[in-house]
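So the structure is just underneath, and the comments pick up after that.
Derivation of every value follows stated rules applied to the coordinates shown; laboratory data play no part. From a predicted model like this one, the values you see are computed outputs, not experimental measurements. Methodologically, a virtual Cβ is constructed for each residue, glycine included, from the backbone with ideal geometry; neighbour enumeration extends over all protein chains shown.
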Ligand SMILES: Nc1ncnc2c1ncn2[C@@H]1O[C@H](COP(=O)(O)OP(=O)(O)OP(=O)(O)O)[C@@H](O)[C@H]1O
Ligand SMILES: [Mg+2]
């Protein structure tokens with residue numbers, strides 16, 4: 001096991017807790033590898049699993065000549081001001097994770113991006129699972145409790161899911177009220193490959209805006225996006241996900257559970273069925289607890305006969321009848337409400353290792369303990 | 001246990017129950033019969049305190065205390081329990097999670113109790129989602145077993161239940177109502193809505209009431225009333241009282 005990251009390396013205790021909330025285990029227990037970036041510094045980058053490389057971006061590009069073709073390939077440099085900002089950096093940071101042919105990690109790799117001061121943190125990540133490889137990653141992003149206005153995170157991520165390979169990427173965010181976050185991600189999924197992208201954000205953030213795309217271009221490829229978010233007062237969360245199904249048998253599922261207690265949540269989704277024999281389902285359920293706005297914009301686009309696309313969107317408040325049902329079993333109104341919310345957020349993700357499901361569950365449980 | 005006087009209940013602006021008077025003593029089990037839409041479920045829901053059911057007039061006293069305005073959970077904590085005729089489905093909330101949240105019992109205890117009503121396979125399902133008629137009853141009885149209330153209200157516990165499961169449910173309901181305890185020592189009381197009367201084989205029901213058009217029109221021995229209804233139908237049964 002790699003050495004533990006110690007306090008000396010500058011992480012206050014309270015922030016360590018925030019990292020834990022984001023699924024980051026500083027002792028590295030239950031993790032096969034770890035990348036840790038604090039502001040723009042790589043604190044460590046390590047992996048003990050045979051067949052899996054966890055490298056800082058620049059080092060990886062030096063080591064593997066071919067990798068340059070994978071950078072800025074799925075996310076265009078000039079997509080917007082955020083991609084341009086990252087592309088212009090003289091010293092790009094971020095991580096590259098490569099799961100070699102046939103490798104498989106039972107314990108996930110953790111990637112931690114920690115923002116400890118008011119600056120723009122930028123990363124560029126490339127994640128590759130070669131043929132028949134299975135790669136599980138938990139990406140924990142957190143800012144220090146004290147980080148105020150001016151803190152921002154721009155992240156480019158490019159995922160390559162090879163033939164019959166699988167990548168699960170579970171992103172748990174613990175930002176602060178003043179932080180702005182702009183992830184820019186895309187994935188390519190080859191024949192028989194599976195891409196699982198999970199997003200959890202239970203804590204305040206000033207603004208987050210993202211719209212990752214999965215290109216399911218291989219036969220029978222699968223993309224599943226799941227998002228579980230709470231919008232607190234002052235937060236604006238503009239979250240989307242897109243799947244482009246361009247090979248026979250390709251399928252996608254986009255699931256969102258959104259709760260607002262004062263924040264604005266825009267939940268976008270787009271599935272494009274480009275050839276026959278494709279299938280997609282988009283589901284957004286929103287609960288408005290207090291004020292706040294939930295704006296669900298589901299789009300399904302069928303270009304041919306023989307693509308089967310469905311969507312389901314519902315936004316509302318908790319039914320009085322449901323609350324009273326639980327009250328009749330002895331729970332007070334607050335407890336009954338919290339129990340229903342916890343159930344609402346309980347998304348079980350098929351194909352996700354238990355350890356990662358637990359990380360998701362505990363992030364939500366923590367929010368429940370503080371009364372959502 | 002329960003004293004209801006001059007109760008008027010309105011739903012959606014319309015008075016459904018008119019001038020209900022009912023007194024259920026400790027250890028007594030009463031049966032409530034009456035045609036569809038007569039107001040039986042409304043009475044149970046009003047006793048439990050559901051907000052859809054507006055009490056216009058009258059009082060409900062429970063264990064000597066006026067509970068007419070009390071929130072639902074306060075009544076539950078004082079010992080009222082109800083089996084719903086049509087409980088809501090709650091998306092994402094697993095039956096097992098609900099039982100854990102309401103009972104503070106440990107997982108293995110919950111599992112053991114669930115087995116006794118063949119519900120162990122349902123603990124990880126969304127509560128009531130896609131439950132069959134009989135499964136809803138078993139899930140409801142399981143929740144009541146956890147709660148173990150002093151006053152048990154059952155809304156058609158046997159309807160939609162197959163013969164084998166009626167036996168299973170009946171036995172549990174008998175337990176809840178302390179059927180095995182001698183009458184003089186029995187503390188638990190019940191109010192049971194039934195159309196078929198099958199449940200009478202499993203409980204000691206003392207008194208039966210017939211509700212019609214939101215009023216309790218007749219009292220008597222539950223089996224006698226049932227016989228009357230079976231032979232002559234509600235219409236004549238109720239007319240008999242007008243004489
Ligand atoms: N939420 C509601 N809104 C409007 N009317 C209602 C509502 N709930 C009940 N009612 C009406 O009140 C009347 C009594 O209903 P209730 O459910 O109490 O009947 P019941 O005696 O239990 O009948 P059943 O034997 O069919 O279960 C019915 O006419 C019903 O339509
Ligand atoms: Mg009824």
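Its alpha carbons considered, chain B gives a radius of gyration followed by a Dmax of 17.6, 58 Å.
Once the chain from residue B:52 to residue B:86 is taken as fully extended at 0.36 nm per residue, the excess over their C-alpha distance is 10.8 nm.
Taking the DSSP beta bridges with both ends in chain B, the antiparallel portion is around 60 percent.
In chain A, what % of DSSP beta bridges are antiparallel (nearest 5)? Can you show the working numbers first?
On the way: 11 of 138 bridges.
Of all bridge pairs located within chain A, approximately 10 percent are antiparallel.
Across chain B, the mean sequence separation of Cα contacts (distance under 8 Å, 6 or more residues apart), normalised by length, yields a relative contact order of 26 percent. Across the range A:218-274, the fraction of Cα-Cα pairs farther apart than 13 Å, rounded to a whole number, is 61%.
Three principal axis extents describe the C-alpha atoms of the range A:1-210; from largest down they are 44, 40, 31 Å.
Residues within the reach of a label modelled at residue A:301 (point 7 angstrom out along Cα to beta-carbon, backbone nitrogen below 19 Å), restricted to the range A:76-109, are A:76, A:79-80.
Set the Förster radius R0 to 60 Å, insert the Cβ-Cβ distance between residue A:118 and residue B:182 as r into 1/(1 + (r/R0)^6), and round the FRET efficiency to 0.05. It would help to have the intermediate numbers written out before the result.
Numbers: r = 76 Å, r/R0 = 1.27.
Efficiency, rounded to the nearest 0.05: 0.20.
Projecting label points 7 angstrom from Cα along Cα→Cβ for residue A:68 and residue B:213 puts them 9.2 nm apart. Largest GNM mean-square fluctuation among A:38, A:237, A:171, using chain A with Cα springs under 10 Å: A:38.
Here r is the Cβ-Cβ distance between residue B:235 and residue A:248 and R0 is 51 Å; the resulting FRET efficiency, rounded to 0.05, is 0.20. Based on Cα contacts under 8 Å between residues 6+ apart, chain A shows a relative contact order of 11 percent. Sorted ascending by nearby beta carbons within 10 Å, beginning with the fewest, B:140, A:81 become A:81, B:140. Against chain B, whose longest principal axis is taken from its Cα atoms, helix B:163-176 shows a tilt of about 80°.
List A:329, A:149 from most exposed to least, where exposure is judged by having the fewest other Cβ atoms within 10 Å. Can you show the working numbers first?
Values: A:329 23, A:149 12.
Fewest to most other Cβ atoms nearby, the residues stand as A:149, A:329.
Per the Kirkwood formula applied to alpha carbons, the range B:101-243 shows a radius of gyration over Rh ratio, Rg over Rh, of 1.02.
For the range A:240-317, compute Rh as the Kirkwood radius over C-alpha pairs and then the Stokes-Einstein diffusion coefficient at 25 °C and 0.890 mPa s; write the answer in µm²/s, rounded to an integer.
So the translational diffusion coefficient is about 191 µm²/s.
Placing a label point 7 Å from the Cα of residue B:21 along the Cα-to-Cβ direction, the residues of the range B:211-236 whose backbone N falls under 14 Å from that point are B:216-219. What average count of beta carbons from other chains do you get within 10 Å of the Cβ of residues in B:90-101? What the average comes to for B:90-101 is 6. Listing B:70, B:153 from fewest to most neighbouring C-beta atoms within 10 Å gives B:70, B:153.
Normalised radius of gyration (Cα atoms, divided by 2.2 N^0.38 Å) for chain A: 0.96. In terms of its alpha-carbon gyration tensor, the range A:1-105 comes out oblate; a/c meets the 1.5 threshold, while b/c is at least as large as a/b. Once you order the gyration tensor axes a ≥ b ≥ c over the Cα atoms, which shape class does the range A:320-372 get: rounded for a/c under 1.5, otherwise prolate or oblate by comparing a/b with b/c? Prolate is the answer for the range A:320-372, as a/c is 1.5 or above and a/b outweighs b/c. Relative contact order of the range B:24-160: 27 percent, from C-alpha pairs under 8 Å at least 6 residues apart in sequence. Treating r as the C-beta distance of residue B:104 and residue A:293 and R0 as 30 Å, the FRET efficiency rounds to 0.20.
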